[in-house]
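Remarks on the structure that follows.
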Amino acid sequence: MPAAVYVLGLSVFALGTSEFMLSGLLQPIARDMDVSIPRAGLLVSAFAIGMVVGAPVLAAATLRLPRRTTLVALLAVFGLGQVAGALSPSYEVLFASRVVSALACAGFWAVGAAVAVSLVPADARARAMAVMVGGLSIANIVGVPAGALLGQHAGWRAAFWAVAGMSVLGLAGVLALVPGTARAGGAGGADAPRLRAELAIYRDRQVWLALIATALNAAAVFSLFSYLAPLLTETAGLKESWVPTVLALFGVGALIGTAVGGRIADAHLFGTMYGGIAASAAVMALLALTAHLAVAAVALALLLGVAAFVTAPALNARMFNVANAAPTLAGATTTSAFNIGNTVGPWLGGLVISAGWGYPAVAGLGAVLAVLALGTTAVASRLHHGKSRVVAGGAGAAAESGTAGLVRRG
């Protein structure tokens, strides 16, 4: 695997820490900003909204820019967004800073994934994306628990300052090791026609099925993960000091799941998706029944990390396979699908909590959403024998352009 791919994975570590660290900071933020836990949870959705909008928009807007220059600029904006979050005087300003940071994060994923996939052969796409998703897994093992610790001992703002510092390190790594490649969309005036041609992927039902499955899977996991900390303290009865440890266990599970998924997804795509999504549903259903038991809650948090992330390389590779004719928009729209789920999941979870059903009911909600994702995957599998007209018609053109598709974690 080229060194540049690992550098991109390390940069994703900073992005992922910012994206997921609020799961361990909801309680101190809610106290400091004088808002409810469900309203603080909307900060997770704020980041996801920025990702939904930013991925396709920035993928198209940066077609004419050199890739490394784009990555550097986006990391700089992301870092400034973290500074703005650390200095936020109100909930509204913090909310806006999350959206801005997410826009930059989405753009980095779109361009960074294009670079990563372009540096490896077609049969190594899932493995290349496993490296980038691995950055998220390590963020969950190290960054998210560290953010929770900082929030408990130095205030939640210190976690934002730490991520700003990590983004500076990522920027330096990109400058040093990512090759100074040409424009993401190719040279000259071919950019606009190619973008118009890539929009044809949205006529393909397999593309929509892939996006729906990704969104439902993300909604299932993050409807629970966003409220994992209060579930552990208020339902399982753990002390707040235990939260970083359990979040780290979730991250360990995520790293294991990513490694396993990256190894098997290229050869067993649908099998990996079936297994991972079904396991997520089972883990969350069991957690809904046993959340009051501290040992069960801790063990199932680890298992949920494994199940949730084993599907990530497969979901990425699936989207790239069905939309191979769209090297610019394939991964960007997958990013949007993932974050539609990441927006809807915490929102639905907040509704469940506000209705007074309790945190275990959020785990039950996640299980239901995962079953829906499994059903969508089954429909896609049944239709898989028919080749998409968009894929068949555009694969050659994509190969001739020399531009690899964008892939995002699912």
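The values are calculated or read from the model by the stated rules, or taken from the named source; none is laboratory data. Everything quoted here is computed from the prediction, not taken from an experiment. Here the Cβ is made from the backbone with ideal geometry for all residues, glycine too, and neighbour counts use every protein chain on show. For the accessible areas, the whole protein counts, side chains as well, though only heavy atoms, and no ligand, DNA or RNA atoms are used. Shrake-Rupley method; radii C 1.70, N 1.55, O 1.52, S 1.80 Å.
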S241 - would you say it is among the hydroxyl-bearing types (S, T, Y), open to solvent by 40 Å² or more (accessible area, probe 1.4 Å) and touching a Pro at 6+ places or on another chain (Cβ under 7 Å)?
no
Any chance the range 364-377 includes a residue that's assigned to a helix (DSSP H, G or I), modelled with pLDDT under 85, out of contact with any Pro (no Cβ under 7 Å at 6 or more places or on another chain) and not polar (S, T, N, Q)?
no
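How many of the residues making up the range 353-364 are surrounded by fewer than 22 Cβ atoms within 10 Å (Cβ to Cβ) and touching a residue at least 24 places away in the same chain (Cβ under 8 Å)?
The number of residues fulfilling the criteria is 6.
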Can you find even one residue in the range 263-271 that is part of a loop (DSSP other than H, G, I, E, B), hydrophobic (A, V, I, L, M, F, W, C) and open to solvent by less than 40 Å² (accessible area, probe 1.4 Å)?
yes
Would the range 255-271 turn up any residue that is of a type in the set (A, V, I, L, M, F, W, C), modelled with pLDDT of 85 or more and closer than 21 Å to G9 by Cβ?
yes
Quick check, is A282 among the small types (G, A, S) and either buried (at least 21 other Cβ atoms within 10 Å of the Cβ) or within 21 Å of I138 (Cα to Cα) (or both)?
no
